[in-house]
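Heads up, the thing below is written out as structure tokens.
What follows draws every value from the coordinates through simple rules; no lab data is involved. Because the structure is predicted, anything quoted here is derived from the model rather than measured. Quick reminder, even Gly has a Cβ in these numbers, built from the backbone with ideal geometry, and neighbours come from all protein chains shown.
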Amino acid sequence: MKKIFLYSALLAAMVTFNGCSEDDFDSKYKDPSKVSEVTLDKMMSGCMLRANDWACSTYGRYFGYDPQLMGKLANSLGFTLSGSVYYDDEYEDYGQPYNSYPSMVTDFRKMQEVYDALPDEEKPKNEGYLLAAETHLYGMMIFILSEYNDIPFNEIGLVALNGDVSYANPHYEDGQQLFEMILDRLGEIDKKFATIEKPSAFGGQDFINKGDMTLWRRYANSLRLRAALRVSTQGPLAAKGQAILKEILEGDYPIVEDLEQNIKIARQSSGPLDIEGGSGFDWHNLQTGSAEMINRMQKAGDGGVWVEGQDDPRLPLMYCMATANGEQPTDVESEVVVGDPLKTGIALPSVFRGASANTSYDTFNDMFFNRLNRGFYSRVRRNGFFWGNKNWDHQIVSSFEIQFIKAEVYQRGWVAGDAKAAFKEGIRQSIKFLFKYQNGRSVTETDNGDSDYLNGKQQRYVINPDQSIYDDAWIDQFAEARWSTHINGTPYTDGNLEAILEQKWVAFGYLYCGEQWCDLRRTGYPRMYYEKDHDVTAIVPYPCNRLRYIANERNYNVHFQDEVGTYDNYADVLFWAKADWHDGPTW
């Protein structure tokens, strides 16, 4: 029974906005005329909700998966060399998108079955439900394939459709072939979205693009750009990836190009989308700022003072400040803090300081876990643009990502275009993006009732940049300087390509840690140093080149050992990635 459980779909558990019991489903499934108007639209919503841990800022994602794994591998959240730092089995499956992947594929198979049962005259006005769910599924699959490579796909869900238990353990399929399939299929989906009839209930059940067919085209084409770039730099699909990038960027294909076109999921006041930004950050050691990020955002570097009008205005929106020497943060310098003999002084926070992969664990332990000098590190800012913002829209594809993709493709010479202009537009879109959500936040730091014993007072020490300074002219000048030098004025070792990928990494911040890790493995930029784990018993002494399969796959799929078990490790380099993607010791 365990072997069947992993991939068997329980229709009674299908999640929909308006609810749909198994009895309701069965009765409507027998009557295609009812299915077309009542069930298929709800099935689309239920299927797309399965991807929440990939598409939304869920608690699981920001308590477990991103801070405790992806953010470490991408160096975009602060961490230090504690034991098993590069991979923690306790959180290997927590918030992992793969957990819902078999269920999502099964839901999609059921949608296909229902659609196929419709009369031919009903199919054209219902195809949009299927295409939307398929597009969203491929978005999550691109990421999952980038973690593992070979995964099951075509046999998932068949046991639920026909009762044949031989499909309870689906075979693994070649990741390269699945990438090719997705790249081809997304191109076909775009063409269909351009011509099909909009389903009657599409707008009411489409919680992503609200029934906007052009936005669905932008979503499909932008995902195709992301996937094509992933395979384009090296490996057997490089030529195909470059050809698709050229096809889209030289053709008449709508893509995400400004903030209003971002593909996103708006928070709802109740139900499965009642998710505020970064809810999982509530555990204290997940909030530490990244020294690598701070070094790239203020001239004085990590541990320095941010200067208005000189430094990156995104930095103070991301983090609260730390004290200069790690003193206990206090409301006023004269305040006397009593009751804790470990405290080593008091001061007003005044600098931005983070931790990174080469920060001494002993130093970090003294300055953090033992409650000595608890103000030594900046933390992810609470009640700002993201964490705790009930007006946050969960971002799937952002305009700045697409601008940086264009910049990279132009700079590499794969497509004729102005790389510098796209680079500067990417920075502009990123700054405007943070300003938009900072200005629209549901609460402010003055409303902060945070009683976290580690950072309650520190969270009140924030800087709100004077946004009137950072107009288009300022951003243009700032981006012009970043085109040729790091923010500290030193030139890039590898020129403009390094500039593009560094600023893309900065723009992703701590919102797209998984995408950062993929870019690092694909390009080796930005260059960062990772120490070997000091724990001699660590099973992952160096940053992962790929992930091991989740425990359910290892334990319950009978094909696992024969088909993928021999390379189920952290060292193998995926077909599109580089082996030497970071500095320091490696596999």
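Just a few scattered comments:
- Contour minus Cα-Cα distance for TRP474 and ASN569 (0.36 nm per residue): 29.5 nm
- Cross-link pairs LYS240/LYS424; LYS72/LYS240; LYS240/LYS406; LYS264/LYS424; LYS264/LYS504 - those with Cα-Cα distance over 21 Å: LYS240/LYS424; LYS72/LYS240; LYS264/LYS424
- Packing rank of 225-232, 192-199, where each peptide gets the mean count of other beta carbons within 10 Å, highest leading: 225-232, 192-199
- Summarising the label geometry, the points placed 7 Å from Cα in the beta-carbon direction at ASP258 and VAL307 lie 3.4 nm from one another.
- FRET efficiency for ALA421 and ARG527, using Cβ-Cβ distance with R0 set to 35 Å, rounded to 0.05: 0.90
- Taking a ≥ b ≥ c as the square roots of the Cα gyration tensor eigenvalues, the range 117-264 comes out oblate, since a/c reaches at least 1.5 and a/b does not exceed b/c.
- Spacing of the modelled spin labels on LYS191 and HIS534, each 7 Å from Cα toward Cβ, amounts to 5.9 nm.
- Sequence of MET318, MET140 once ranked by neighbouring C-beta atoms within 10 Å, starting from the fewest: MET140, MET318
- Burial ranking of peptide ranges 436-443, 521-528, 113-120 (average Cβ count within 10 Å, highest at the top): 521-528, 436-443, 113-120
- Take 461-468, 575-582, 72-79 and order them by the average number of nearby Cβ atoms within 10 Å per residue, most first; the result is 72-79, 575-582, 461-468.
- Prolate/oblate/rounded call for the range 136-200, Cα gyration tensor, a/c under 1.5 rounded: oblate
- Residue order, fewest to most surrounding Cβ atoms within 10 angstrom, among GLU127, GLU327: GLU127, GLU327
- Net lengthening on full extension, GLN467/ASP212 (0.36 nm per residue, minus Cα-Cα): 88.6 nm
- In nm, spacing of pseudo-spin labels at SER270 and ARG412 (7 Å Cα→C-beta vector): 4.9
- Unsatisfied cross-links (Cα-Cα over 22 Å) in the set LYS390/LYS432; LYS110/LYS191; LYS532/LYS578; LYS299/LYS436: LYS110/LYS191; LYS299/LYS436
- Multiplying the residue separation of SER484 and ASP562 by 0.36 nm and subtracting their alpha-carbon distance yields 23.1 nm.
- With neighbours defined as other Cβ atoms within 10 Å of a residue's Cβ, the residues HIS171, HIS486 order from fewest to most as HIS171, HIS486.
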